[in-house]
Amino acid sequence: MSPSPSGAQLTLHEGSPSMPSLQTASASRFGRLVDVVLPKIVVAPTMVASLVCFYGFVLWTAWLSLTESRILPKYEIVGLVQYQELFSNERWWAAMKNLGVFGGLFIFFSLAVGLLLAVFLDQKIRREGALRTIYLYPMALSFIVTGTAWKWMLNPGLGLEKLMHDFGFSDFTFDWIVNPDMAIYTVVIAGVWQSSGFVMALFLAGLRGIDDAIIKAAQVDGANLPTIYRRIVIPSLRPVFFSAFMILAHIAIKSFDLVMALTNAGPGLATDLPSIFMYQHGFNRGQLGLGAASAMIMLATAAAIVVPFLYSELRSQRRG
Amino acid sequence: MADLAYHQTPAARIGRFGIYAVLALFALYYLAPLYVMVVTSLKSLEEVRNGNLLALPAAPSLEAWSTAWSSACTGVECSGIQGYFWNSIKMLVPAVALSTLIGAVNGYVLAMWRFKGSDLFFTLLMIGCFLPFQVVILPMAQMLGFLGLENGTARLVLVHTIYGLAFTTMFFRNFYVTIPDELVKAARIDGAGFLRIFFRIMLPISLPTIAVCVIWQTTQIWNDFLFGVVFSAGETQPMTVALNNLVNTSTGVKHYNVEMAAAIIAALPTLCVYAFGGKYFIRGLTAGAVKG
């Protein structure tokens, strides 16, 4: 056998039959000991890293949020002052409201577009592979690239608006990206562009998992296709809805780069989000404590969505 | 299958046409930004100003590309994005290699060498996937300071490796649990130990999972912005941060053609990964989704 990277102790195992049995026994006992200890040793670094860098850091952030830390961290706990400040901060509430508007519309339209495309693609479409490739490629891009591209296209002076003027629609105006009341919707447009193809892929995988026999039986019973989809197929995609919803909600809550590139939180602070609030207070404005408090609220928001989901999943698993 | 009904009546035929029309319209919606980026990047600034989004360049030129690569301003610096592109490569290669290798070993242990507490460990790791990173970046910045790790690229390799482990471990663990235990038992009876089984039996059969994992990590790490902007500064910043600087901090005349060229350069690596490994890319996405 060629030398393996597994080291010397393992070559002991390859005792030829002529080797004295005692030696083989002690060698394999040694080998067995190695096999008990080694698995624990190799996962130990990950275990330590994840305990410290996931759970330890969450506690650390929680601690910071209870202190008066500004530019430098202080570790003397003073209570909930940062949360009081956060909750009386108008910018924070505006950011949370933006997250609600963006998150709600982003999730709704991504699910709707994704489901529509998946159902249509599942009708024995020619060139399905090519279409799938087109729908899904935005998911391979950075949100910064997506933001840059859409920022240019939505530019009122030279982008879509000018294009429509050139086509002869001289009254056409599309200035959402510079309009404080509408800018948040441009984030939705770009976000849905990037993520809906992914939702399509999830739904399509779900549709392919449904037994054709059920649909055929319903057809024999005289049900038409829209009814079959409404009553049988789409309800059976429930688990896919759940995981798509979770992923989209997660993307929405931590959404940061798309807004940075597309609108830079503007015009003014019209497209500010909690993630941007957290970044600016924690890293640029020397408000560590307030940044930590806002991060904890973001975590709580994520947990508020994830925990009920996990709970219902686990319950249905136990039932099933 | 379900579409049999469509071929029966003229109305159904119209419906079928409608389906194709909707699918084609959406294809245009997804392709439009890419098309606009490419044609804009091939135009001169004057043509960008006088023409419209969809017009083809009258005299295609790569000038905007060379400006973006070597002389565009990203903040105060005006030496293009090339340095940042290489920063991203230097960060990407070790971070992907490390997180994939460690993930493979972890997955192997969690699937085939379970010990007391190993399932709990896996659960804890999976819950970690749900954390919004905003909740760990402040302490991470402190810790990197304590460690005295000054180099931005090294910091990003460390951070991306650590926070990639949950996913890489999951990919491999979920693959290895599908391998029959008998394989390991037989190998052990033949005298093979922990490491030999891993390197000689498990790794060779894991090539598809390795592809899924490498592609997943490559797109995650290359496209990351938050870690890049928080943990690196100045000349060690990755590509995404430089692109954002180029687009958002430029004052005076906006060079849209240069911005689009820079954006395409930033997108090219992951687009190539998608073009050549699309199957594995999708598998990674859906595996992540099934997990939740």
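Scanning region A:207-219 for residues that are open to solvent by less than 20 Å² (accessible area, probe 1.4 Å) and closer than 20 Å to A:Pro239 by Cβ turns up A:Leu207, A:Ile215. Scanning region A:271-303 for residues that are within 19 Å of A:Phe143 (Cα to Cα) and of a type in the set (A, V, I, L, M, F, W, C) yields A:Leu273, A:Ile276, A:Phe277, A:Met278.
Under the condition of being more than 9 Å from chain A (Cβ to nearest Cβ), of a type in the set (A, V, I, L, M, F, W, C) and farther than 25 Å from B:Phe227 by Cα, the residues counted in region B:111-146 number 2.
Exactly one residue among A:Ile297, A:Ile251 is in the same structural domain as A:Pro156 (by TED's automatic domain parsing), in contact with a Leu (Cβ under 8 Å, 6 or more places away or on another chain) and among the β-branched types (Val, Ile, Thr), and that residue is A:Ile297. Considering region B:245-279, and only residues there that are of a type in the set (D, E, K, R) and outside any loop (DSSP other than H, G, I, E, B), the residue that is farthest from the chain's Cα centre (by Cα) turns out to be B:Glu259.
Here is the figure for region A:124-138: residues that are hydrophobic (A, V, I, L, M, F, W, C) and closer than 23 Å to B:Leu53 by Cβ total 1. Among the residues of region A:83-119, those identified as closer than 30 Å to A:Trp63 by Cα, among the aliphatic types (A, V, I, L, M) and more than 20 Å from the chain's Cα centre (by Cα) are A:Leu86, A:Ala94. Inspect all residues belonging to region A:128-144 and state whether any of them is open to solvent by 60 Å² or more (accessible area, probe 1.4 Å) and more than 25 Å from the chain's Cα centre (by Cα). The answer is no, given that none of the residues of region A:128-144 is open to solvent by 60 Å² or more (accessible area, probe 1.4 Å) and more than 25 Å from the chain's Cα centre (by Cα).
Answer yes if at least one residue in region A:118-125 is modelled with pLDDT of 90 or more, within 18 Å of A:Ser243 (Cβ to Cβ), surrounded by 22 or more Cβ atoms within 10 Å (Cβ to Cβ) and not basic (Lys, Arg), and no otherwise. Yes, region A:118-125 contains a residue that is modelled with pLDDT of 90 or more, within 18 Å of A:Ser243 (Cβ to Cβ), surrounded by 22 or more Cβ atoms within 10 Å (Cβ to Cβ) and not basic (Lys, Arg). Looking only at region B:131-181, residues that are outside any helix (DSSP H, G or I) and touching a residue at least 40 places away in the same chain (Cβ under 8 Å) come to 4 in all.
For first residues located in region B:31-57 and free of Cβ contacts under 8 Å to residues at least 24 places away in the same chain and within 11 Å of another protein chain (Cβ to nearest Cβ), partners that are charged (D, E, K, R) and not in a helix (DSSP H, G or I) and lie 6+ apart or on another chain with Cβ distances below 9 Å form the pairs B:Gly51/B:Lys43; B:Ala55/B:Lys43. The listed residues are A:Pro39, A:Pro17, A:Pro3, and the only one of them that is touching a Phe, Trp or Tyr at 6+ places or on another chain (Cβ under 9 Å) and at pLDDT below 90 turns out to be A:Pro39. Scanning region B:247-284 for residues that are among the hydrophobic types (A, V, I, L, M, F, W, C) and farther than 20 Å from B:Leu31 by Cβ yields B:Val247, B:Val253, B:Val258, B:Ala262.
Can you confirm whether region B:147-160 contains a residue that is within 11 Å of chain A (Cβ to nearest Cβ) and within 14 Å of A:Thr46 (Cβ to Cβ)?
Looking for residues that are within 11 Å of chain A (Cβ to nearest Cβ) and within 14 Å of A:Thr46 (Cβ to Cβ), one finds at least one in region B:147-160, hence yes.
For region A:135-169, a residue qualifies if it is at the interface with another protein chain (Cβ under 7 Å from one of its Cβ atoms), more than 18 Å from A:Thr186 (Cα to Cα) and without any contact (Cβ under 8 Å) to a residue 12 or more places away in the chain, and the qualifying residues are A:Ala140, A:Asp166. Of all residues in region B:112-125 being within 26 Å of the chain's Cα centre (by Cα) and touching a residue at least 40 places away in the same chain (Cβ under 8 Å), which is surrounded by the most Cβ atoms within 10 Å (Cβ to Cβ)? Among them, the one singled out is B:Leu125. Taking the options A:Ala261, A:Ala293, A:Ala252, name whichever one is at pLDDT 90 or above, under 17 Å from A:Gly100 (Cβ atoms) and open to solvent by less than 10 Å² (accessible area, probe 1.4 Å). Unique residue meeting the criteria: A:Ala252.
Of all residues in region B:220-244, those satisfying the criterion of being more than 20 Å from the chain's Cα centre (by Cα) and in a helix (DSSP H, G or I) are B:Gly234, B:Glu235. Scanning region A:252-270 for residues that are under 15 Å from the mean Cα position of the chain (by Cα) and of a type in the set (A, V, I, L, M, F, W, C) yields a count of 4.
If you go through region B:182-195 and keep only what is surrounded by 23 or more Cβ atoms within 10 Å (Cβ to Cβ) and either in a helix (DSSP H, G or I) or at pLDDT 90 or above (or both), you end up with just B:Phe194.
Among residues that are facing another protein chain (nearest Cβ under 10 Å), surrounded by fewer than 23 Cβ atoms within 10 Å (Cβ to Cβ) and at pLDDT 90 or above, A:Leu299 is included. Scanning region A:231-251 for residues that are free of Cβ contacts under 8 Å to residues at least 60 places away in the same chain and at the interface with chain B (Cβ under 8 Å from one of its Cβ atoms) gives A:Ser243, A:Ile247, A:His250. A:Phe109 falls short on exactly one of the conditions (1) more than 14 Å from every other protein chain (Cβ to nearest Cβ); (2) at pLDDT 95 or above, and that condition is (1).
A:Gly100 meets all of the listed conditions (1) outside the structural domain of A:Val233 (by TED's automatic domain parsing); (2) farther than 17 Å from A:Gln287 by Cβ; (3) exposed (fewer than 14 other Cβ atoms within 10 Å of the Cβ) but one, namely (1).
The values are calculated or read from the model by the stated rules, or taken from the named source; none is laboratory data. Quantities reported herein were computed from a predicted structural model and do not represent experimental measurements. Cβ: placed from backbone, ideal geometry, glycine included. Neighbour counts: every protein chain shown. Heads up: the accessible areas ignore ligands, DNA and RNA and are worked out on the full protein's heavy atoms, side chains in. Shrake-Rupley method; radii C 1.70, N 1.55, O 1.52, S 1.80 Å.
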